[in-house]
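Contents: one structure, followed by commentary.
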Amino acid sequence: EPEVTQTPSHQVTQMGQEVILRCVPISNHLYFYWYRQILGQKVEFLVSFYNNEISEKSEIFDDQFSVERPDGSNFTLKIRSTKLEDSAMYFCASSEDGRPIDTQYFGPGTRLTVL
Amino acid sequence: AQSVTQPDIHITVSEGASLELRCNYSYGATPYLFWYVQSPGQGLQLLLKYFSGDTLVQGIKGFEAEFKRSQSSFNLRKPSVHWSDAAEYFCAVVLGGATNKLIFGTGTLLAVQP
């Protein structure tokens, strides 16, 4: 069964450093998402992406964050200058289309630790 | 305030016992409703979803959920729990319209004792 993959599984970085989290969505899916879960808190939406453009973003997704689909398979989340409060589990998801009822398939997550 | 509420943070059930996990939402219109499960080290997996039609929805792994409009609830049930069901369960909604982002509840951590 096709699945969403994410690398790395765990990333440790120093505050102020740039990090890139990578995701390979399911191949025929058109919509891509990033969510994050700070330890002990809810899973929160960050951004959705379609047709090489951001289709929606949350208040969390400020200028420090960016997303890109650099080729036909990868979908990346970049945090330009990490802060301590960026420490979280970051989940990538994809869906076949953008209908509200469409299933979003999640990857296993990347745990980001900012020191 | 608009929200998705899962009142039970942690539930422990015995293997073979029945299970009900509660979810309430507070939005003006009925949203699209989802239940996801997260096992340790795994991503979120969809158990079932609902928008319209029969209010009792069947999902994977023997789970079902019932939508009750009058109570703004979408509770998840399983008649007989297996040890492998130990995981965290998330209720989520999509409001629809111009958005398809999932809004999650805080989750319920299920422990299964022998």
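The values are calculated or read from the model by the stated rules, or taken from the named source; none is laboratory data. Being a predicted model, the structure only gives us computed values, none of them experimental. Note that we place each Cβ from the backbone using ideal geometry, even for glycine, and neighbour counts take in every protein chain shown. Note: areas computed on protein heavy atoms with side chains; ligands, DNA, RNA excluded. Shrake-Rupley method; radii C 1.70, N 1.55, O 1.52, S 1.80 Å.
As a summary of the residue check, B:Val81 satisfies the conditions (1) open to solvent by 10 Å² or more (accessible area, probe 1.4 Å); (2) away from chain A (no Cβ under 14 Å); (3) in a loop (DSSP other than H, G, I, E, B) except for the one numbered (1). With (1) farther than 28 Å from A:Val4 by Cβ; (2) without any contact (Cβ under 8 Å) to a residue 24 or more places away in the chain; (3) among the aliphatic types (A, V, I, L, M) as the list, and B:Ala17 as the residue in question, which single condition is left unmet? B:Ala17 satisfies all of (1) farther than 28 Å from A:Val4 by Cβ; (2) without any contact (Cβ under 8 Å) to a residue 24 or more places away in the chain; (3) among the aliphatic types (A, V, I, L, M) except (2). Of the residues making up region B:89-111, those that are open to solvent by 10 Å² or more (accessible area, probe 1.4 Å) and either of a type in the set (A, V, I, L, M, F, W, C) or touching a helix residue (DSSP H, G or I) at 6+ places or on another chain (Cβ under 8 Å) (or both) are B:Leu95, B:Ala98, B:Ile103, B:Leu109, B:Ala111.
Looking only at residues in region A:59-68 that are assigned to a strand (DSSP E or B) and touching a Leu at 6+ places or on another chain (Cβ under 8 Å), the one that is nearest to A:Tyr31 (Cα to Cα) is A:Val67. When the residues of region A:69-90 are filtered to those that are assigned to a loop (DSSP other than H, G, I, E, B) and open to solvent by less than 50 Å² (accessible area, probe 1.4 Å), which remaining residue is nearest to A:Thr13 (Cα to Cα)? Here the residue is A:Thr82. Considering region B:19-41 alone, what residues qualify as being closer than 21 Å to B:Ser80 by Cβ and either exposed (fewer than 11 other Cβ atoms within 10 Å of the Cβ) or of a type in the set (A, V, I, L, M) (or both)? Selection gives B:Leu19, B:Leu21, B:Val37.
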